[in-house]
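Worksheet: the structure to be examined is printed underneath.
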Amino acid sequence: MKKLMFIVALALIANIGFGQTTTAAKSDLGVFAWTTTAHDFGKVPQGTPVTHEFKFTNTGKAPLVITNVQASCGCTTPSWTREPIQPGGSGHVKATYNASNAGAFDKTVTVTANIEGGIVVLHIKGEVESTIKPN
């Protein structure tokens, strides 16, 4: 019985503690409206880097600020709009895949910003065709 009371008390304390976390008011957040969040390059020749520009509009009531953009590996290089995007304004996140290794690829680019949830994950995929001809 003591164990049960201890577990109930512990659960109650944990619930109260986690219930105190706050997030920014929705009016203080930007809102991404992406034209697309995924891109398929199809077949790409080996050694030829490919780039896709993901475009978005801030449909929120506050400036949208991208604080970081992180690719899932070193083979993908991101770039993005660095200044705050005002409500109604637009911006971009570019993802460049180096296409140095033959074979299929499926990579992600994680965008961190002042949005509800904090992150958006963009996807790029395709297949790098080898330029080496077998004998």
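The values are calculated or read from the model by the stated rules, or taken from the named source; none is laboratory data. The structure displayed is predicted, hence computed values, not measured ones. Reconstructed Cβ throughout: ideal geometry from the backbone, glycine too, with neighbour counts over all protein chains shown.
Residues to consider are 95, 71; find the one that is under 19 Å from residue 118 (Cα atoms), in contact with a Ser or Thr (Cβ under 9 Å, 6 or more places away or on another chain), at pLDDT 95 or above and among the aliphatic types (A, V, I, L, M).
Numbers: 95 fails: under 19 Å from residue 118 (Cα atoms).
The match here is 71.
Scan the stretch 63-83 for residues that are more than 30 Å from residue 130 (Cβ to Cβ), outside any strand (DSSP E or B) and in contact (Cβ under 8 Å) with a residue 24 or more places away in the chain and report the count.
Number of matching residues: 2.
For the stretch 46-62, which positions are within 17 Å of residue 111 (Cα to Cα), part of a strand (DSSP E or B) and either at pLDDT below 95 or not aromatic (Phe, Trp, Tyr) (or both)? I'd like the intermediate steps shown before the answer.
Here is the first cut: in the stretch 46-62, the ones within 17 Å of residue 111 (Cα to Cα) are 51-60.
Going one step further and asking which of them are part of a strand (DSSP E or B), we end up with 51-58.
Correct list: 51, 52, 53, 55, 57, 58.
Please work out which residue is farthest from residue 52 (Cα to Cα), limiting yourself to the stretch 82-95 and to residues that are surrounded by fewer than 18 Cβ atoms within 10 Å (Cβ to Cβ) and in contact with a strand residue (DSSP E or B) (Cβ under 6 Å, 6 or more places away or on another chain).
If we filter the stretch 82-95 for residues that are surrounded by fewer than 18 Cβ atoms within 10 Å (Cβ to Cβ), which is where we start, we get 82-84, 86-90, 92, 94.
Still in the list and also in contact with a strand residue (DSSP E or B) (Cβ under 6 Å, 6 or more places away or on another chain): 87, 89-90, 92, 94.
Numbers: 87: 24, 89: 20, 90: 16, 92: 10, 94: 6 Å.
If we take residues in the stretch 82-95 being surrounded by fewer than 18 Cβ atoms within 10 Å (Cβ to Cβ) and in contact with a strand residue (DSSP E or B) (Cβ under 6 Å, 6 or more places away or on another chain), then 87 is farthest from residue 52 (Cα to Cα).
For the stretch 66-109, which positions are closer than 17 Å to residue 120 by Cβ and hydrophobic (A, V, I, L, M, F, W, C)?
66, 69, 71, 80, 85, 93, 95, 109
Output the number of residues of the stretch 36-79 satisfying the condition of being hydrophobic (A, V, I, L, M, F, W, C) and within 16 Å of residue 97 (Cβ to Cβ). Show your work before the answer.
Within the stretch 36-79, the subset hydrophobic (A, V, I, L, M, F, W, C) is 38, 41, 44, 50, 54, 56, 62, 64-66, 69, 71, 73, 75.
Next cut, within 16 Å of residue 97 (Cβ to Cβ) only: 38, 41, 44, 50, 54, 69, 71, 73, 75.
Number of matching residues: 9.
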